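The values are calculated or read from the model by the stated rules, or taken from the named source; none is laboratory data. A quick note: this is a predicted structure, and the numbers were derived from the prediction, not measured. Note that we place each Cβ from the backbone using ideal geometry, even for glycine, and neighbour counts take in every protein chain shown.
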Amino acid sequence: MRTRDVNHLVKVAVVGVGKFGQHHARVYRELPEAELVGVFDTDAARAAEIAEAHHCRAFANIEQLTDQVDAASVAVPTEHHAAVAGQLLEAGVDVLVEKPMARTLVEADQMIATAERFGRVLQAGHLERFNPAVEAAGAMARSPLFFEAHRLSTFKPRSLDVDVVMDLMIHDLDIVLSLVDAEVEEIRAVGLAVLTPKFDIANVRVAFDNGCVANFTASRVSTERVRKLRWFQPQEYISVDYARQDAIVITVEKTGGMPMLSHRRLDPPQQEPLRKQLEAFLHCVRERSTPRVSGKQGRRALGLAHQIQQEMDHHAGRLQSRRVGAR
């Protein structure tokens, strides 16, 4: 088994340097604790372009890089996550895999088992966990009772291999699951395909067995860009703006007379979430510690996303049956 020298730079690579992977390469190049050894992409011209921009090597295949690096980001299309991550993990390379971590729970379980068998770090790339506003507000969470999440984007011809749940909503699913210490009890979900064959808009209600309820709305065909999460907890309301990286806390104060509301804003230092995520990953690589967003946590978010997709499929099927019956 490969050992790590914590006194040396972590040698890293990026597999898949499209829209997301190119930023992994950029940040690794900037981090003082990392040495960006190289990149790989099935588009050789793209790999060469990114390698030249960041003064590293463009590998011709994954086999070339496995004995050259300690860790790697996997930012290939979701359908290839399990195969690529599995190959790297078996070769002794620690892996950060973009969200969603796999297509299926079987693939996610295979990745987790491989990481455990070979003693490797496996981190799921749920970026919003490292948003400074989420970190600041999340530290204040105590028995949340109700969540409302809105994640709206204008249409972009990317990530079309997955629907809006896997593309956008899964960020908020992961955050809520990290804040609610309970199991999912009921899911109600509707989805609509607008510009692609897959669901582009989704509205979901998730009820947990401790009484907490979470409503999620996601769209990748909106006219505006919205990234907000709000939740209510005893005597408190917290509103997080992912894009602005700030949060508002409204507290009910009882001083003997009428209850009063106090407002305060959380303004954590602005930081790039991707940089914080990769710093955390490298720390786990060096210290051989469990990531904040482990493979098992990535699997939990994936599992909820699949349950939501199934409910949306069932709802769409029921609507279709009604239309056919009405003819």
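Couple of notes before you dig in:
- Wholly enclosed strands (runs of 3 or more DSSP E) of segment 197-267 bearing at least 1 residues closer than 20 Å to I308 by Cβ: 201-208, 213-219, 226-233
- For segment 57-67, the criterion of being over 18 Å from V97 (Cα atoms), assigned to a helix (DSSP H, G or I) and out of contact with any Asp or Glu (no Cβ under 8 Å at 6 or more places or on another chain) is satisfied by at least one residue.
- Meets criteria (surrounded by fewer than 17 Cβ atoms within 10 Å (Cβ to Cβ), of a type in the set (F, W, Y) and modelled with pLDDT of 95 or more) for F155: no
- Matching residues in segment 166-183 - criterion: being farther than 10 Å from I308 by Cβ and surrounded by 15 or more Cβ atoms within 10 Å (Cβ to Cβ): D167, L168, H171, D172, D174, I175, V176, L177, S178, L179, V180
- Condition met for A72 (under 21 Å from P291 (Cα atoms), touching a residue at least 12 places away in the same chain (Cβ under 8 Å) and not hydroxyl-bearing (S, T, Y)): yes
- Residues of segment 60-99 satisfying the condition of being surrounded by fewer than 16 Cβ atoms within 10 Å (Cβ to Cβ), among the charged types (D, E, K, R) and in contact with a Lys or Arg (Cβ under 8 Å, 6 or more places away or on another chain): E79
- Residue in segment 196-234 that is surrounded by the most Cβ atoms within 10 Å (Cβ to Cβ), counting only those that are in contact with a helix residue (DSSP H, G or I) (Cβ under 8 Å, 6 or more places away or on another chain) and free of Cβ contacts under 8 Å to residues at least 60 places away in the same chain: D200
- Of the strands (runs of 3 or more DSSP E) contained entirely in segment 87-164, those carrying at least 2 residues that are over 16 Å from the mean Cα position of the chain (by Cα) fall at 146-152.
- Just one of the numbered conditions (1) modelled with pLDDT under 95; (2) assigned to a helix (DSSP H, G or I) is not true of K19: (2).
- Against the test of being closer than 21 Å to T104 by Cβ and not small (G, A, S), the options V204, V194 yield a single qualifying residue, V204.
- Among (1) surrounded by fewer than 20 Cβ atoms within 10 Å (Cβ to Cβ); (2) under 24 Å from I308 (Cα atoms) - the single one R142 does not satisfy: (2)
- Qualifying residue in segment 247-269 (condition: under 21 Å from the mean Cα position of the chain (by Cα), modelled with pLDDT under 95 and of a type in the set (D, E, K, R)): no
- T78 meets each of the listed conditions (1) over 30 Å from L304 (Cα atoms); (2) of a type in the set (S, T, Y); (3) modelled with pLDDT under 95 apart from (1).
- Evaluation of A102 against (1) among the small types (G, A, S); (2) under 23 Å from L31 (Cα atoms); (3) in contact with a His (Cβ under 7 Å, 6 or more places away or on another chain) (one fails), failing number: (2)
- Residues in segment 24-56 that are within 19 Å of V84 (Cα to Cα) and surrounded by fewer than 18 Cβ atoms within 10 Å (Cβ to Cβ): T42, D43, A44, R46.
- All positions within segment 233-292 that are closer than 19 Å to A133 by Cα and acidic (D, E): E236, D241, D246, D267, E272, E279
- Any chance T196 is of a type in the set (S, T, Y) and modelled with pLDDT under 95: yes
- Residue in segment 42-49 that is among the β-branched types (V, I, T) and more than 30 Å from H306 (Cβ to Cβ) present: no
- Restricting attention to segment 240-258 and to residues that are loosely packed, with under 10 Cβ neighbours inside 10 Å and not polar (S, T, N, Q), the residue that is nearest to H171 (Cα to Cα) turns out to be E253.
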